[in-house]
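Okay, so here's the structure we're looking at.
The values are calculated or read from the model by the stated rules, or taken from the named source; none is laboratory data. This structure is a prediction, so every number in the text was calculated from the model and none was measured. Note: ideal-geometry Cβ built from the backbone for every residue, glycine included; neighbour counts use all protein chains shown. All accessible areas refer to the heavy atoms of the entire protein, side chains included, with ligands and DNA or RNA removed. Shrake-Rupley method; radii C 1.70, N 1.55, O 1.52, S 1.80 Å.
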Amino acid sequence: MSLLVSGLLYLGLLALLAVISATETAIHSARDLEERLETAGEGGVARNLRSITANPFVQLQRTLLLSATLNLALAALGLHLVSGPFKAMGWHPWITASVLFTGTVLIGDVIPKFLAAYSPSGVLLGSLRLLNPLRSILDPLTQLTDRTTDALIRKLVPSRIKMRVPMTREEFETLVEMREEQGLLDAAEAEIIREALDIERLTVRDCMVPRVDVTLLSSEESPAKAASILDQSAGRFVVVYGETPDAVLGIIDTLSWRFAERPAWQKMIAQVPFVPETMLVLDALEKHLQHSALPVLIVDEYGGLEGMVSQEEIADWLLYEAAPWQGEAGEIRDLGNGRYLVDGGTRIEDVAQELDLALPSEGGIDTIGGFVFNEIGHVPKAGERIQVPGADLKVRRAVRARIQQVELRLHLPKENIEGKAAPDHH
């Protein structure tokens, strides 16, 4: 092969390697692909960009395969040039090889990666036009490489050795942050993923139905009174107790009781597990709730009843954390002029954060309704008020011993109150 042909072929392969190196870096660094997609319209470029955003690892695998092939071809061709034409011209092999290697690294790797890091999206758009025609060749080669690698691993690695090391939480969080920085995930999507990761730290107490909201039925109740309690229960499950509410005998599934045409309630008592309030939700699901619609009862360190939790409550809690509902009956509704209507079951910390209040923290009390009840000191009635630093709280609605709605009025300066219009609810 003549020096001219070998040289032109080497330069062509080197140019292609430069494009591949730039593409590889651009895939890792591109952060404004969504903006590019909007300006690209619906043509071929937009389709190619969307294919990368949907699965960047596939495109990265193609570039790595092509990069390895080009490096091997350049090494072989460079060896031919050094030992053949250049040596015939009287050039020293070692000096020629060093210069050729340095130039190849600079032109084929360092400079393209620098340019790709400076303008990743522009480089990616340009390289797509060159690499897309090669997909018909690269895709079969990529699939063949994957199958060959998997076959060799299964053949050479003993079966007792675990093939895949699970990704740690820190690694996954880092991956989410990278995808968010690259524009592949928006802030809301990233937050949902982080909420899902927090499930492993969630305890049953975080998503239980608290004792104050659990319907209780004394074993000494008359049949008529017991039937009335079961019919009027707000929740599906009713706890049956003996001498005290902490002496639990079991639970009754009111839905099953109604389907069975309301038999004697003693025949419907079911035994359920008791778990500590510190038990992790994932452990409770695996050990007790995985194959049962019945709840588990949650007890404190002294054996007192704290509440109950079922698959339904856990699912509701997780769905609310991922996408809290903000409809008409939202937990905190702005009534205007510094007034807010707050659901009694709203967490104190959520109210404090949303309205920028320094609410006192009471041990064992999580909800704003429980806080107001504790401050009043007796079974509340609608209209009763308390004061906290920065706001007045009034009971708007109470049922039995539970506060369902609280009206909160902030202590705003007079000019702020006059200038703040009530929101439009139409």
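Summary of computed values
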item: Heavy atoms of Leu230 accessible to a 1.4 Å probe, total area in Å² rounded to 10; result: 0
item: Two-site FRET efficiency, Ala224 against Ala293, from Cβ-Cβ distance with R₀ of 25 Å, rounded to 0.05; result: 0.35
item: Computed over segment 140-276: relative contact order in percent, which uses C-alpha pairs under 8 Å that are six or more apart; result: 13
item: Neighbourhood net charge (11 Å Cβ-Cβ; Lys/Arg +1, Asp/Glu -1) for Arg236; result: -2
item: In segment 71-125, the chymotrypsin sites (Phe, Trp or Tyr not before Pro) that fall in loop regions by DSSP, at most 15 other Cβ within 10 Å; result: Trp91
item: Full-stretch length increase - Ala270, Asp392 - with 0.36 nm per residue and alpha-carbon distance subtracted; result: 39.4 nm
item: Glu354, Glu261, Glu195, ranked by accessible area, largest first (probe 1.4 Å); result: Glu261, Glu354, Glu195
item: Two-site label geometry, Gln143 and Leu335: point separation in nm, points 7 Å out along Cα→Cβ; result: 6.5
item: Beta bridges by DSSP in segment 240-305, antiparallel share as percent, to the nearest 5; result: 60
item: Val214 accessible area, assembled protein chains, probe 1.4 Å, Å²; result: 20
item: Other-chain or far-sequence residues with amide H under 5 Å of Thr215's (modelled H); result: Gly235, Val239
